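Down below is the structure, laid out as C-alpha cells.
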Amino acid sequence: MALFKPMDNIDESNEKPVPEGKMEKTRCLIIGSGPAGYTAAIYASRANLNPIVYQGLEPGGQLTTTTEVENFPGYPEGITGPEMMEDFRKQAERIGADIRFGMATSADFSAKPYKVVIDGNKTVEADTVIIATGATAKYLGLESEQKYRGQGVSACATCDGFFYRGKDVAVVGGGDTAAEEATYLAGICKKVYLIIRKDYMRASKAMQARVDRTENLKVLYEHVTKEVLGDDSGVNGVLLQNNKENKEVKIDVDGFFVAIGHKPNSDIFKEFIEMDETGYINTIPGTSKTNVEGVFACGDVQDNHYRQAITAAGSGCMAALDAEKYLGEQE
C-alpha cells in the first residue's frame, strides 16, 4: 500500500555542522531540498558554483512522507520516497554540493549580495539564490487522519491512486483540485465518493460537468468528515456527518484522499518576490526567474498545477542553469 510514513530512514550521518552566529558568503545558495533542491544542487555543482544547500524542516521534501514511488524514470522496480531522496542527496554530495541542516527564517533581497538568515542566528550572503522550499498539503486536522497517513490517507491522487485500482475510495474537497482528483481516481477505482461540506461545488463549471458525467463517482453534498476509520491493515472506512439530514453516515473505502489545497512555503520571501494570491512564486514562463534578478524558484513553491517529483526535478535543473548563466553574465 502507498502513502505516508515518517522519514526515519533518512541517513543523517554525513550532514555537515552548521556554524552559528557567523556571516558566510557563497556564489549559489539553495534553500530547500526535495527533487527540485537536490537536482539544482547537482547541476550547480557540475557548473562549479559550489552551492550551499539548506534542507529546511523536512530534508528530502514531501517525498520523504511517501512510501512507494513507481512513476519516476530510472527505477524499474519502484522505490520508496525516502530512499529516492537519499539517492538524490548522495549524488549531489558526491559532485560537491555542501548540504546542511538548517531552515531559512528570513531573507533580504533588497540589495546584492542577497542575505538569508538560517535558524535565526546565521546570515549567508549569496550572489544568487535558488528557492526550492516546496509546498505543504493541507489536511483536515483529524487525529485519525494523521494516524492513517501511511496506511490509506493521501494528499495526492496522481501519486498514490495506482495502489487503489479496482477499490472504493473517498476524496474530500469541493474545488477544482478535488474534482480533478476524483475523476482521475474514477478511471482506475471501482467507486469514488466526493465529500463536500457545502451544498454546492466550488469547482469550475467544466469540472462540475466532468464530475456529473462520471458514472462511478458519487457526490455527497453537505457531508463533513468526522473520523477516518481503520484497523492494523489500514483505512477501511470514513464516518461522515450528514448535515442536511442531521445524521451520521459510514461509507466503506480503502483509501481517503484529501484535496483541500496546498500552502506554498514562501512566507519569508513575500516582501521581495512576486506571488499569486495563494503564495505560489511567480516565475517568467519558460524559466525559473523571479522578479528579483539573480533569485530563482523551482519545484512546488512555484508549481500549483503539476506538483510531481519529475516536474520538480526538471525545474530544479532549469534553476541551476539559469543561475549559472546569470553568474556568468555578472563576471
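Restricting attention to the stretch 192-206, does a residue exist that is crowded, with 17+ Cβ neighbours inside 10 Å, of a type in the set (Lys, Arg), farther than 30 Å from Leu57 by Cα and over 18 Å from the mean Cα position of the chain (by Cα)?
Yes; the residues of the stretch 192-206 include at least one that is crowded, with 17+ Cβ neighbours inside 10 Å, of a type in the set (Lys, Arg), farther than 30 Å from Leu57 by Cα and over 18 Å from the mean Cα position of the chain (by Cα).
If I filter the stretch 138-161 down to residues being out of contact with any strand residue (DSSP E or B) (no Cβ under 9 Å at 6 or more places or on another chain) and surrounded by fewer than 17 Cβ atoms within 10 Å (Cβ to Cβ), which single residue comes out as farthest from Glu227 (Cα to Cα)?
Thr158
Any idea which of Val172, Val124, Val116 is among the β-branched types (Val, Ile, Thr), at pLDDT 95 or above and more than 23 Å from the chain's Cα centre (by Cα)?
Result: Val124 is the single residue among Val172, Val124, Val116 that is among the β-branched types (Val, Ile, Thr), at pLDDT 95 or above and more than 23 Å from the chain's Cα centre (by Cα).
If we scan the stretch 142-157, do we find a residue that is in a helix (DSSP H, G or I), touching a helix residue (DSSP H, G or I) at 6+ places or on another chain (Cβ under 7 Å) and at pLDDT below 95?
Yes, some residue in the stretch 142-157 is in a helix (DSSP H, G or I), touching a helix residue (DSSP H, G or I) at 6+ places or on another chain (Cβ under 7 Å) and at pLDDT below 95.
Which residues, taken from the stretch 161-180, are part of a loop (DSSP other than H, G, I, E, B), in contact (Cβ under 8 Å) with a residue 60 or more places away in the chain and over 10 Å from Asp254 (Cα atoms)?
Answer for the stretch 161-180, where residues must be part of a loop (DSSP other than H, G, I, E, B), in contact (Cβ under 8 Å) with a residue 60 or more places away in the chain and over 10 Å from Asp254 (Cα atoms): Gly173, Gly175.
Do we have Ile251 as modelled with pLDDT under 95 and farther than 27 Å from Asn48 by Cα here?
Considered against the rule, which asks whether it is modelled with pLDDT under 95 and farther than 27 Å from Asn48 by Cα, Ile251 comes out as no.
Within the bounds of the stretch 270-289, is there any residue that is among the charged types (D, E, K, R), crowded, with 16+ Cβ neighbours inside 10 Å and not assigned by TED's automatic domain parsing to the domain that holds Met103?
No, because not a single residue in the stretch 270-289 is among the charged types (D, E, K, R), crowded, with 16+ Cβ neighbours inside 10 Å and not assigned by TED's automatic domain parsing to the domain that holds Met103.
Is it the case that Lys147 is within 30 Å of Ile195 (Cβ to Cβ) and out of contact with any Asp or Glu (no Cβ under 8 Å at 6 or more places or on another chain)?
The answer is yes for Lys147.
Given the stretch 223-301, what strands (runs of 3 or more DSSP E) lie entirely inside it while holding 1 or more residues that are closer than 30 Å to Lys190 by Cβ and not acidic (Asp, Glu)?
223-231, 234-242, 247-251, 255-258, 262-264
Which condition from (1) among the small types (Gly, Ala, Ser); (2) closer than 28 Å to Gln308 by Cβ; (3) in the same structural domain as Gly150 (by TED's automatic domain parsing) is the one that Ser266 breaks?
(3)
Inside the stretch 302-314, can you point out the residues that are in a loop (DSSP other than H, G, I, E, B) and either at pLDDT below 90 or out of contact with any strand residue (DSSP E or B) (no Cβ under 9 Å at 6 or more places or on another chain) (or both)?
Once the filter is applied, which keeps residues that are in a loop (DSSP other than H, G, I, E, B) and either at pLDDT below 90 or out of contact with any strand residue (DSSP E or B) (no Cβ under 9 Å at 6 or more places or on another chain) (or both), the stretch 302-314 yields Asn304, His305, Tyr306, Arg307, Gln308.
The values are calculated or read from the model by the stated rules, or taken from the named source; none is laboratory data. No experiment lies behind these values; they were computed from the predicted model shown. Heads up, the Cβs are rebuilt from the backbone with ideal geometry, glycines too, and the neighbour counts pull from every protein chain shown.
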